[in-house]
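This report concerns only the one structure given below.
The values are calculated or read from the model by the stated rules, or taken from the named source; none is laboratory data. This structure is a prediction, so every number in the text was calculated from the model and none was measured. No Cβ is skipped: glycine too gets one built from the backbone with ideal geometry, and neighbour counts run over all protein chains shown. The protein model used for the area step is the full one, side chains on, heavy atoms only, and it has no ligands, DNA or RNA in it. Shrake-Rupley method; radii C 1.70, N 1.55, O 1.52, S 1.80 Å.
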Amino acid sequence: MPPFDSTLPFRADPYRFIRRICDAVGSDAFETRLMLERTLCLSGVEAARFFYDRDLFTREGAAPRFLRRTLFGEGGVQGLDGAAHRHHKALFLSLLGPGRTDTLIERAVTGIAARLRQPGEVVLQDAFERILTRAVCDWAGVPLDMSEEENRTRMLSHLFEHAGSVDLRQVVARLARRRADRWAAKLIGAVRDGICSPPEGSALAVVATWRDETGALLPPRVAAVELLNILRPFVAISAYLTFAAHALATQPDEVAALRSDPDRLHGFVQEVRRTYPFFPALVARARVRTAWRDHVIPAGRLVALDIWGTNRDPAAWDDPDAFRPSRFDGWQGDPFTLIPQGGGAHETNHRCPGEWVTQDLMLATTRTLLDHVDWSALPRQDLSLDMRNLPGLPRDRLRVSL
């Protein structure tokens with residue numbers, strides 16, 4: 001049975017905690033407390049379908065304060081519902097929808113290939129973060145001098161690498177959030193005052209002039225949060241790129257198979273997304289009194305959906321803990337079975353609008369890694385994943401020799 005309060009056990013093992021307790025109690029749900037608040041924890045595909053019922057659950061006021069003050073920001077799309085959420089979501093879909101990020105991907109992959117052509121040893125996670133920061137700022141119309149690149153990279157990466165930390169890194173993440181909010185608000189103000197003229201249709205131009213559902217310009221602080229909700233998640237894709245590299249480093253048979261049959265890449269990328277520890281769980285609040293199985297859920301009750309366990313639900317996936325890209329041969333997709341970046345419909349649910357660019361960039365980067373890296377001759381390092389961290393990156397951030 002779960003302890004009275006599960007905050008410490010959850011933070012000690014954030015990806016596997018919910019699934020482990022569900023297995024122990026023989027159910028896809030259990031009640032506990034997180035940060036002393038009564039919470040129903042759910043895991044599995046059917047639980048995901050329930051969790052994404054917009055008539056039953058809302059995201060407003062659900063995210064823990066420490067995530068709002070680091071990862072998400074205050075007032076942005078992640079904490080909205082209803083008409084406001086759909087309107088803000090339309091902003092992101094207009095910029096990040098299918099086919100809208102080709103030049104962004106090209107910039108990123110060109111930078112990655114150039115870095116991998118330089119001889120010597122490189123820490124892939126660090127290199128990916130810097131390259132993606134430069135690529136997304138250039139694409140978004142955000143001015144970024146070479147002298148600023150390292151500091152902006154560090155600022156944006158702190159927002160997702162340290163958001164879930166319980167030590168001094170949480171302080172670092174909060175300070176980075178304040179700096180990022182001020183920087184982004186200054187950019188929005190410069191556009192609105194005519195001081196800065198980003199390219200028409202660029203992310204900075206669109207966010208600065210976007211109007212809310214009432215027809216008013218977004219408040220500067222909210223516009224700043226939404227601009228960062230474009231920049232920060234793209235830099236966070238660096239984790240997925242490192243996960244793809246980790247799979248190449250630890251699955252030598254996959255390296256040979258991918259080189260001989262490039263058509264396997266799609267399944268490889270999906271299996272990386274399914275099995276690697278990017279984000280552990282999602283939270284919502286019950287709009288109305290409802291129930292799941294034998295658990296009564298009062299209005300306002302916090303509910304947590306297990307991403308890690310749902311992506312490994314044995315009811316949906318054969319041998320779910322095995323890394324087997326061939327399972328995606330002919331797979332048609334399901335909005336609740338594979339949810340590494342959220343579930344449901346992109347337009348109406350809280351499914352990440354950056355899912356398309358994530359997959360496309362992973363495909364292109366994996367091809368580049370296969371072309372430029374000798375995966376049989378890696379430097380000695382700790383390749384274990386830090387499952388206490390968000391995201392659960394390799395402990396040595398994956399080093400390669402070029």
statement: With Cα springs under 10 Å, the Gaussian network model of the chain assigns the largest mean-square fluctuation among Gly73, Gly201, Gly392 to Gly201
query: Which cross-chain or sequence-distant (5 or more) residues have an amide H under 5 Å from the amide H of Phe57, H modelled 1.01 Å from N in plane?
result: Arg287
- request: Any chance you could look up the accessible area of Asp319 with a 1.4 Å probe, heavy atoms only, rounded to 10 Å²?
  value: 80
task: Taking each pair of different alpha-carbon atoms in segment 83-133 once, compute 1/r for the pair, average those values, and report the inverse of that mean as the Kirkwood hydrodynamic radius in Å to one decimal.
output: 13.1
statement: Between the modelled labels at Phe4 and Arg100 (7 Å from Cα along Cα→Cβ) the distance in nm is 4.9
field: With 5 Å bins from 0: P(r) over segment 162-280, alpha-carbon pairs, percent
entry: 2, 10, 14, 14, 12, 11, 11, 11, 8, 4, 2, 0
query: Relative contact order, percent, of the chain when contacts are C-alpha pairs under 8 Å separated by at least 6 residues?
result: 26
- request: Using 0.36 nm per residue of separation minus the Cα-Cα distance, give me the extension gain between Ala90 and Ala24 in nm, one decimal.
  value: 19.6 nm
statement: Quick numbers on segment 225-368, Rg and Dmax over C-alpha atoms in Å, give 17.0, 55
Rg/Rh (Cα only; Kirkwood hydrodynamic radius) as it applies to segment 171-223: 1.04
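Among the trypsin sites (Lys or Arg not before Pro) within segment 359-401, which fall in a DSSP loop and have no more than 11 other Cβ atoms within 10 Å of their own Cβ? Don't jump to the answer; show the numbers that get you there.
Details: sites: Arg367, Arg380, Arg388, Arg395, Arg397, Arg399; in loops: Arg380, Arg388, Arg395, Arg397.
When the trypsin sites (Lys or Arg not before Pro) of segment 359-401 are filtered for loop state and at most 11 Cβ neighbours within 10 Å, Arg380 remain.
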- line: Env charge @ Pro353, Cβ radius under 11 Å, K,R +1 / D,E -1, value +1
message: Considering all alpha-carbon pairs of the chain, what whole percent are spaced by more than 35 angstrom?
response: 25
- prompt: Once the principal axes of the Cα atoms of segment 295-402 are found, what is the range along each, listed largest first in whole angstroms?
  reply: 56, 33, 28
message: Less than 14 Å Cβ to Cβ from Ser27, Lys/Arg counted +1 and Asp/Glu -1: what total charge do the surrounding residues give?
response: -4
- prompt: What is the distance, in nm, between label points placed 7 Å from the Cα along the Cα-to-Cβ direction at Arg211 and at Val296?
  reply: 4.8
field: Unit Cα scatterers, Debye sum, segment 34-100: log10 I(q)/I(0) for q = 0.19 Å⁻¹
entry: -0.98
field: Shape metrics for segment 1-151, restricted to C-alpha atoms - Rg then Dmax, Å
entry: 20.7, 55
query: If you bin every alpha carbon distance in segment 120-228 into 10 Å steps from zero, what whole percent lands in each bin?
result: 14, 41, 32, 12, 1, 0
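Is any helix in the chain, taking whole DSSP H runs, at least 24 angstrom long along its axis by alpha carbon and on average at least 1.0 on the Kyte-Doolittle scale, and which ones?
220-250
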statement: Counting only residues 5 or more apart in sequence or on a different chain, those whose built amide H sits under 5 Å from that of Leu42 are Ala304, Leu305, Asp306
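Only sites in a loop by DSSP and with at most 13 other Cβ atoms within 10 Å count here; which GluC sites (Glu not before Pro) in segment 100-209 make the cut? Working shown, then result.
Working: sites: Glu106, Glu121, Glu129, Glu148, Glu149, Glu150, Glu161, Glu200; in loops: Glu200.
Answer in residue order: Glu200.
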query: Can you list the residues, at least 5 places off or on another chain, whose amide H is less than 5 Å from the amide H of Ala281, using H built in the peptide plane?
result: Ile307
task: Determine ³J(HN,Hα), in whole Hz, for all residues of segment 39-50 in sequence, where each value follows from phi through the Karplus function 6.51 cos²θ - 1.76 cosθ + 1.60 and θ = phi - 60°; x replaces Gly and Pro.
output: 9, 9, 9, 10, 8, x, 5, 5, 5, 5, 4, 5
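Return one whole number: the accessible area per residue of segment 86-132 in Å², for a 1.4 Å probe.
Values: 2100 Å² over 47 residues.
Accessible area per residue, segment 86-132: 45 Å².
Ordering Phe4, Phe323 by how much accessible area each has at a 1.4 Å probe, largest first, what is the list?
Numbers: Phe4 145, Phe323 45 Å².
Result, largest first: Phe4, Phe323.
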- prompt: Which whole-Hz ³J(HN,Hα) couplings does segment 396-402 yield from phi under the Karplus relation 6.51 cos²θ - 1.76 cosθ + 1.60, θ = phi - 60°, glycine and proline marked x?
  reply: 9, 6, 6, 9, 10, 9, 10
statement: Lys and Arg at +1, Asp and Glu at -1: neighbours of Val235 with Cβ under 11 Å from its Cβ sum to +3
